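See structure below.
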Amino acid sequence: MEQVRAEAERVITAIEGDKRLDAVSTPLASWVKKLTRRTSVKNLLSGTWLGHQLHPMLTDLPIGAWVAASVVDVTAGERGADAARKLVGFGVLSAVPTAAAGASDWADLYGPNQRTGLVHGLVNAAATVLQFSSWWARRRGARGLGVTLSLAGLTLTLGSAYLGGHLTLIRGVGVNHTAFQGGTRKWTDVAADADVASGTPLRVMAGKVPAVLVRVKNDIRALSATCTHEGGPLDQGTIDENGCITCPWHGSRFRLTDGTVSRGPATAPEPVWDVKVEDERVWVKRSA
């Protein structure tokens, strides 16, 4: 097992460092961003409405269907031919929205992560083609060929799933970047009241946690300064007329009043800080 793991890590390291993949990933990501530039589309595919990324949840549908189809093929034989064909077909259909959500997430990645994501997507695409070919072969009565194609496609899918797990669990793609940040529950002096200009974000340190202060009319709002999506610096973002701050990295927007996500790709809300002004000093503490 150690040898298999070492080989898998060697392959992933090679993919991450292969800059030749950028010739494909860069223009393709740009095209995907254009297709998902509308807020409604981005929020739908990112899973902003769901509270976490949509893509990982959708992957259970095609993988589950294709695994079930192969199990039926092995255990039921000809008696399960019709059920197996329907499962393969359902997997192919469910792969379409799964791929769309994954592409939306992938387009916001850079460098090694985007290269790995590109290979992940291409392998999944090849697996889906094999599964569709399996469905077509089964429909024409070539069950043996269909079974073989399904097993080949499932093998590719499981290999691709390993790359997806690496991106999420090792590289931290798609996780909430403030999940373990914590923050002081005690009032902390962070800035002079006069330093907080209207509509201009100000980065401060509340203990060991960075926060961003924004003056909105007569009030000062405070959020954590680390974007929940990919850790972008919100203090370098912009404030719009709707009272939202936009991350400069991927365009996620958060409401200053309560930290909720107005636009993806972020799915987790931004931590909110309570604010008070005393003796011309700004004090903050993490909201309960």
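The values are calculated or read from the model by the stated rules, or taken from the named source; none is laboratory data. Model, not experiment: these values are computed from the prediction. Quick reminder, even Gly has a Cβ in these numbers, built from the backbone with ideal geometry, and neighbours come from all protein chains shown. Ligands, DNA and RNA are excluded from the accessible area calculation, which covers all protein heavy atoms including side chains. Shrake-Rupley method; radii C 1.70, N 1.55, O 1.52, S 1.80 Å.
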Breaking point among (1) touching a Pro at 6+ places or on another chain (Cβ under 6 Å); (2) exposed (fewer than 15 other Cβ atoms within 10 Å of the Cβ), for residue 257: (1)
Yes/no for residue 211 being crowded, with 21+ Cβ neighbours inside 10 Å and of a type in the set (Gly, Ala, Ser): yes
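When you scan region 170-193, how many residues do you find that are hydroxyl-bearing (Ser, Thr, Tyr) and farther than 20 Å from residue 278 by Cβ? Give the derivation first.
Going through region 170-193, the residues hydroxyl-bearing (Ser, Thr, Tyr) turn out to be 178, 184, 188.
Narrowing the set further to residues that are farther than 20 Å from residue 278 by Cβ leaves 178.
Total satisfying the criteria: 1.
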Inter-residue pairs, beta-carbon under 8 Å, first closer than 15 Å to residue 52 by Cα and in region 262-281, second of a type in the set (Phe, Trp, Tyr) and open to solvent by 50 Å² or more (accessible area, probe 1.4 Å), 6+ apart: none
Counted residues, region 221-238 - those being surrounded by fewer than 20 Cβ atoms within 10 Å (Cβ to Cβ) and in a strand (DSSP E or B): 2
Any chance residue 167 is within 30 Å of residue 208 (Cα to Cα) and modelled with pLDDT of 95 or more: yes
Those residues of region 142-151 which are open to solvent by 60 Å² or more (accessible area, probe 1.4 Å) and either at pLDDT below 95 or within 14 Å of residue 87 (Cα to Cα) (or both), in sequence order: 151
Cβ pairs under 9 Å, 6+ apart, first in region 1-15 and within 19 Å of residue 113 (Cα to Cα), second hydroxyl-bearing (Ser, Thr, Tyr): 8/162; 12/116; 12/162; 15/116
Any hit, region 167-185, residues being part of a helix (DSSP H, G or I), touching a residue at least 40 places away in the same chain (Cβ under 8 Å) and of a type outside the set (Lys, Arg): yes
Hits in region 248-288 - residues which are within 19 Å of residue 107 (Cα to Cα) and out of contact with any Phe, Trp or Tyr (no Cβ under 8 Å at 6 or more places or on another chain): 248, 249, 250, 251, 252, 253, 263, 264, 265, 267, 268
Some residue of region 270-280 being open to solvent by less than 10 Å² (accessible area, probe 1.4 Å) and at pLDDT below 95: no
Meets criteria (farther than 30 Å from residue 287 by Cβ, in contact with a Gly (Cβ under 9 Å, 6 or more places away or on another chain) and either in a helix (DSSP H, G or I) or open to solvent by less than 30 Å² (accessible area, probe 1.4 Å) (or both)) for residue 156: no
So residue 200, is it assigned to a loop (DSSP other than H, G, I, E, B), open to solvent by 40 Å² or more (accessible area, probe 1.4 Å), of a type outside the set (Asp, Glu) and in contact with a strand residue (DSSP E or B) (Cβ under 9 Å, 6 or more places away or on another chain): yes
